[in-house]
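Data first, discussion second: the structure below is written as C-alpha cells.
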Amino acid sequence: MDDAQLAQVESLCETLYTGVSTATSETISREEAQSRLLSLQSSASFIPQCQYILDRSKSQYALLVASNSLTELITTHWNNFTIAQRIDIRNYVLGYLANNGPNLQDFVTLSLIKLVCRITKLGWFDDTTHRELTEDVTKFLQATIDHCILGLKILNQLVDELNIPTSGRTLTQHRKTSVSFRDLCLFKIFQLGLTTLKQLQTKQIT
C-alpha cells in the first residue's frame, strides 16, 4: 500500500460511515464502499496493509476499518500464523494502544482492545506471553490517567472475551481456555481493578 491507496481507503471509509464521498473521480454508495473495504478481510496477506493504515492514517474511520479487519483476519486465519507471528501482532497492537490510545476515538480504542483480547484468547495455550496480559496492563495502570482508563477497559474486555465462545473454536476449547483464565487471572484482575479505583479516588494517579 502507498499513500494514494491509503487516500482511497480513507475516502471509502468516509463514505461507509457518513454517506459522504470525498473522492473527486467517482461517486459510490455505502454498499459499494463496504464491498470494497471487505476485501481487506479476504486474506491474511492484507495484514501489512491494515498495519499501514493504522500507522499512517489520520482518519478515525479508516483506523476502525483496519482494526476490525485485523480482528477478522486473525480469527479466521489463526492457524496460518506461527507462534512468533501471533506474539508479534499482539505486541504491535499493545504498543499501538500505549502510544496512540489516548488520542483515538473511543470506537477505535474499543476495537483495538477487542483485537488484543481476541489474540490473547486464541493464543492462551500457545505461549506464556499471552497469559501475561494482566502484567502488561499493569504498565498502563501505572502511567497517565488516560492510560489508566485504557488499562481498565482492556481488563474489562478481557473478562468478556474469555467468557464468550468464538466462531470456529469448539466448546471444549472455549471451556478449557475459560477455566484456565479463571484460575490464573480473574482474581488478579479483580485486585487490580480495586487497587486502581482506590488510587484514582485518592488522586494517586493524575
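Tabulated results
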item: Angle between the chain longest axis and helix 106-122 axis [Cα atoms, degrees, rounded to 10]; result: 60 degrees
item: C-alpha long axis of helix 47-56 to longest principal axis of the chain, angle in °; result: 90 degrees
item: Per-residue HN-Hα couplings for the range 78-85 [Karplus 6.51, -1.76, 1.60; θ = phi - 60°; Hz; x = Gly/Pro]; result: 3, 6, 7, 9, 6, 4, 5, 5
item: Accessible surface of Asp106 - all protein chains present, 1.4 Å probe, nearest 10 Å²; result: 90 Å²
item: Exposure rule at most 15 other beta-carbon atoms within 10 Å, DSSP loop trypsin sites (Lys or Arg not before Pro): the chain longest free segment; result: 59-168
item: Local electrostatic count at Leu192 - Lys and Arg +1, Asp and Glu -1, tallied over other residues with Cβ under 14 Å; result: +1
item: Solvent exposure of the chain as accessible area per residue, Å², 1.4 Å probe; result: 53 Å²
item: Ellipsoid equivalent to the range 48-206 - semi-axes via the Cα gyration tensor, in Å; result: 24, 22, 12
item: Estimated [θ] at 222 nm from DSSP helical runs (n ≥ 4, -39500 (n - 2.57)) normalised by residues in the chain, nearest 500; result: -21500 deg cm²/dmol
item: Protection proxy ranking, peptides 3-10, 154-161, average beta carbon neighbours within 10 Å, highest first; result: 154-161, 3-10
item: Sparse-neighbourhood loop sites, chymotrypsin sites (Phe, Trp or Tyr not before Pro) in the range 70-150 - DSSP loop, at most 12 other Cβ within 10 angstrom; result: Phe125
item: Percentage relative contact order, the chain, counting C-alpha pairs under 8 Å, at least six apart; result: 14 percent
item: Heavy-atom accessible surface of the chain: percent carbon and sulfur, 1.4 Å; result: 50 percent
item: Separation in nanometres of the label points that stand 7 Å from Cα toward Cβ, at Ser43 and Phe190; result: 4.8 nm
item: Solvent-accessible ranking of Leu12, Leu197, Leu152, largest area first, probe 1.4 Å; result: Leu197, Leu152, Leu12
item: Relative contact order of the range 117-177, defined on C-alpha pairs under 8 angstrom at six or more residues apart (%); result: 31 percent
item: Backbone HN-Hα couplings from phi across the range 30-45 [Karplus 6.51/-1.76/1.60, Hz, Gly and Pro as x]; result: 4, 4, 5, 4, 4, 4, 5, 5, 5, 4, 5, 9, 7, 7, 4, 5
item: Normalised contact order of the range 28-69, rounded percent, pairs of Cα under 8 Å and 6 or more residues apart; result: 36 percent
item: Using alpha-carbon coordinates, inclination of helix 187-201 to the longest axis of the chain, degrees; result: 80 degrees
item: Extension gain (nm, one decimal) between Ser29 and Lys139, 0.36 nm per residue minus Cα-Cα; result: 35.2 nm
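The values are calculated or read from the model by the stated rules, or taken from the named source; none is laboratory data. Only a predicted model underlies this, so the values are computations on that prediction, with no experimental measurement involved. Glycine gets a Cβ as well: all are built from the backbone with ideal geometry, and neighbour counts include every protein chain shown. The area values use the complete protein model at the heavy-atom level, side chains included, leaving out ligands, DNA and RNA. Shrake-Rupley method; radii C 1.70, N 1.55, O 1.52, S 1.80 Å.
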